[in-house]
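*Asks:* Here it is: the structure, laid out below.
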Amino acid sequence: MKLVLTIIGVILILMGGVWILQGFNILPVGFMAGQMQYALYGAILAVVGIGLLVFSRRRRKAPAAPDDATQGH
């Protein structure tokens, strides 16, 4: 699950970067070129991707269930 969240986070960051560049008309390709709202959408998407990366990196594995044999019951 950690790997999947990391991959999705990276994809969101890359997509957001492309949208930002298109919105600022630095990458003048497609219908988003020169449209400032897409630069905003790209920034939001990139922030969500960064948040997902941080979440996936800080996520810990669930503690193992105690073994009945070691508790002496």
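*Asks:* Out of the residues in the range 1-29 that are aliphatic (A, V, I, L, M) and over 15 Å from the mean Cα position of the chain (by Cα), which is nearest to ILE44 (Cα to Cα)?
*Replies:* Of all residues in the range 1-29, those aliphatic (A, V, I, L, M) come to 1, 3-5, 7-8, 10-15, 18, 20-21, 26-27, 29.
Going one step further and asking which of them are over 15 Å from the mean Cα position of the chain (by Cα), we end up with 20-21, 26-27, 29.
On the way: ILE20: 10, LEU21: 13, ILE26: 18, LEU27: 18, VAL29: 20 Å.
It comes out as ILE20.
*Asks:* Another question, then. Taking the condition of being among the β-branched types (Val, Ile, Thr) and under 22 Å from MET1 (Cβ atoms), how many residues in the range 11-60 meet it? Quick ask: steps written out before the conclusion?
*Replies:* Kept after step one, since they are among the β-branched types (Val, Ile, Thr), are these residues of the range 11-60: 11, 13, 18, 20, 26, 29, 44, 47-48, 50, 54.
With under 22 Å from MET1 (Cβ atoms) added as a condition, the list becomes 11, 13, 47-48, 50, 54.
Selection size over the range 11-60: 6.
Read-outs throughout are calculated quantities, based only on the coordinates presented, and are distinct from any laboratory measurement. Bear in mind that the values here come from a model prediction, so they are computed numbers and not experimental data. All Cβ positions, glycine included, derive from the backbone under ideal geometry; neighbour counts span all protein chains shown.
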